[in-house]
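Take a look at the structure set out below.
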Amino acid sequence: MKVFKVLFLTGLFMISCGEAKKENKSEELTGTEMTENITAEETPASLETIVGVASGNENFSTLVAAVQAADLVGTLSSEGPFTVFAPTNESFAKLPEGTVENLLKPENKASLINLLTYHVVAGKFPAADVIEAINTNDGTFVIETVQGDKLTLTLDGEKVKVIDAKGNASMVVITDVEASNGVIHAIDAVVMPAE
C-alpha cells in the first residue's frame, strides 16, 4: 500500500455535521450517525472545509484555536484532500496542565505547527480504506504525516488505534466526518511527534 503523506495540522481535527454532534456528546458516534443530517444536495463540494466543519463543532474549539494560532487555517482550507486525526477538547485536556496555553503563545508557534501537522495526512482515507490497509499489511499500517513523522495504525477489536512516534496510543472515536477537502476522524488523545 502506498505511504500516505500527511498534509497539515492536527488543528483541523474538527468533527461534526448537523446536530448529531450535540445530541450524542457522551456517546461514541460513527461517521454514518454524524452525517445522517446531510441531505442529498450536500455533496462534498457543497460541504464546509475541514476548518469550517471543525469550527462548527464546540467539541473542537481548542483545536480550532490552535489552528488559528498556528496560522494553519489557509492550509487546512485549501483543496487537499487531507485526512485529519482530530483531537477533541477532552483530548487536549488530558495533556499536562499548562501545555495548551504554552503552545498557544506566539513564541511557540513552530512547536504548535509541528504538533498540529502531525495529525494530518495528505490524501483522503475513509475508515474502510484504513481498516483494509491495516488488514492487508499484517495488522499494522504506517502512514507519514504532513509533519514528516509517522503514525502506526492498528486495530483494537473493531476500532482503529493510532500509535504515535513516542509509542502512545489514541483511539479513533468518530469516523468519516466529511468535509469538502477531505475527511476527519476524531481521536481521544493528542498524538505526539518524536520531537
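The values are calculated or read from the model by the stated rules, or taken from the named source; none is laboratory data. Since we're looking at a predicted model, the values are computed, not measured. Cβ placement follows ideal geometry from the backbone for every residue including glycine, while neighbour counts extend to all protein chains displayed.
Structural remarks
- Every pair of residues 6+ apart whose Cβ atoms lie under 7 Å, when the first sits in segment 126-145 and is among the acidic types (Asp, Glu) while the second is surrounded by fewer than 15 Cβ atoms within 10 Å (Cβ to Cβ) and at pLDDT 95 or above: none
- Among residues that are small (Gly, Ala, Ser) and over 21 Å from Gly52 (Cα atoms), Ala110 is included.
- Strands (runs of 3 or more DSSP E) fully within segment 125-170 that include at least 2 residues being under 19 Å from Asn114 (Cβ atoms) and in contact with a Phe, Trp or Tyr (Cβ under 8 Å, 6 or more places away or on another chain): 141-144, 150-156.
- Whichever residue in segment 57-76 is over 14 Å from Leu112 (Cβ atoms) and buried (at least 20 other Cβ atoms within 10 Å of the Cβ) and, among such residues, is modelled with the highest pLDDT: Phe60
- Answer residue from segment 88-99, given it is assigned to a loop (DSSP other than H, G, I, E, B) and in contact (Cβ under 8 Å) with a residue 40 or more places away in the chain and is nearest to Val64 (Cα to Cα) among those: Thr88
- Filter result (β-branched (Val, Ile, Thr) and within 27 Å of Ala127 (Cα to Cα)) within segment 52-109: Val53, Thr62, Val64, Val67, Val73, Thr75, Thr83, Val84, Thr88
- Annotation note: of Asn102, Asn114, the sole residue that is under 17 Å from the mean Cα position of the chain (by Cα) and either farther than 25 Å from Glu178 by Cβ or outside any loop (DSSP other than H, G, I, E, B) (or both) is Asn114.
- Of all residues in segment 155-179 being of a type in the set (S, T, N, Q) and surrounded by 15 or more Cβ atoms within 10 Å (Cβ to Cβ), the one that is modelled with the highest pLDDT: Ser170
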